[in-house]
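See below for the structure under consideration.
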Amino acid sequence: EDQVTQSPEALRLQEGESSSLNCSYTVSGLRGLFWYRQDPGKGPEFLFTLYSAGEEKEKERLKATLTKKESFLHITAPKPEDSATYLCAVQAVSSASKIIFGSGTRLSIRP
Amino acid sequence: EAQVTQNPRYLITVTGKKLTVTCSQNMNHEYMSWYRQDPGLGLRQIYYSMNVEVTDKGDVPEGYKVSRKEKRNFPLILESPSPNQTSLYFCASSYRSHNEQFFGPGTRLTVL
């Protein structure tokens, strides 16, 4: 069964303290892995898509990487405005066009 | 402005009273999807549609119906709502299934 697990559930950092969020996945053939950001009371907002192991993408203080079993979202020198829930989702080759989300990591950055 | 709209944004109803949540996108996207979001369970896909008249079940389709008669609209129908369908619902669209999804603002549904 296709599965996505995110860790940690919650992470509190001091402003400027870099860290990484993890997304582990079990699928029979990865078609794409997605990262989204969600602010309270709003819909998720797209960040990155990764398609193959070894791929990396960057945007401002965020960098996403992908291996055959997991993806990391690295946050460098975060600011309070980076506080949000970060969601990982996968689409498997085997599951037609279903998309499976992890339960998210709630990130809080203290000034 | 490119967007996904949902209506209503908030709804309180009673068990068994049929309701429809509308979803519309103005980006000419082929793929549309409905999710529910519950604390601790994340986003779970209810139904998705690859194109007009093509729909399929996600992970939690029980108690829901959808239709895709026009490319821009993808309504979610609850024929006989029950309290366990109380949740936050999101509609999303993308050009194709493996592309980035654009999400609507959400509909908070309470079934008493």
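The values are calculated or read from the model by the stated rules, or taken from the named source; none is laboratory data. What you are looking at is a predicted structure, and each value in this text was computed from that prediction instead of being measured. In this analysis, Cβ positions are derived from the backbone assuming ideal geometry, glycine residues included, and neighbour counts consider all displayed protein chains. Side chains included, ligands, DNA and RNA excluded: accessible areas come from the protein's heavy atoms. Shrake-Rupley method; radii C 1.70, N 1.55, O 1.52, S 1.80 Å.
When the residues A:45, B:53 are ordered by accessible surface, computed with a 1.4 Å probe over the protein chains alone, the sequence from largest down reads B:53, A:45. When a/c is below 1.5 the answer is rounded, else prolate if a/b is larger than b/c, else oblate, so apply that to the protein assembly as shown with a ≥ b ≥ c taken from the square roots of the Cα gyration tensor eigenvalues. Verdict is prolate for the protein assembly as shown.
Could you please put B:18, A:68, A:63 in sequence from largest to smallest accessible area, using a 1.4 Å probe? Don't jump to the answer; show the numbers that get you there.
On the way: B:18 125, A:68 170, A:63 65 Å².
Correct descending sequence by accessible area is A:68, B:18, A:63.
Computed with a 1.4 Å probe on the full set of protein chains, the accessible area for residue B:108 sits at about 120 Å². Placing A:9, A:1 in order of accessible area, with the largest value first and a 1.4 Å probe, yields A:1, A:9.
Rolling a 1.4 Å probe over the protein chains gives residue B:29 an accessible area of about 20 Å².
Evaluate the relative contact order of the range A:1-96 (contact order divided by residue number), counting alpha-carbon pairs under 8 angstrom at least 6 apart; express in whole percent.
Details: 190 pairs, mean separation 34.2, N = 96.
That works out to 36 percent.
The calculated FRET efficiency for the pair residue A:94 and residue A:18, based on their C-beta separation and a Förster distance of 45 Å, comes to about 0.80. Which FRET efficiency, nearest 0.05, do residue A:83 and residue B:80 yield, Cβ-Cβ r, R0 30 Å? Approximately 0.15, to the nearest 0.05.
Cross-link reach is defined here as a Cα-Cα straight distance under 19 Å, omitting same-chain residues fewer than 8 places apart; for residue A:79 the lysines meeting it are A:59, A:63.
Rounded if a/c is under 1.5, else prolate if a/b beats b/c, else oblate: with a ≥ b ≥ c from the C-alpha gyration tensor eigenvalues square-rooted, which is the range A:16-66?
On the way: a/c = 1.88, a/b = 1.31, b/c = 1.44.
Verdict is oblate for the range A:16-66.
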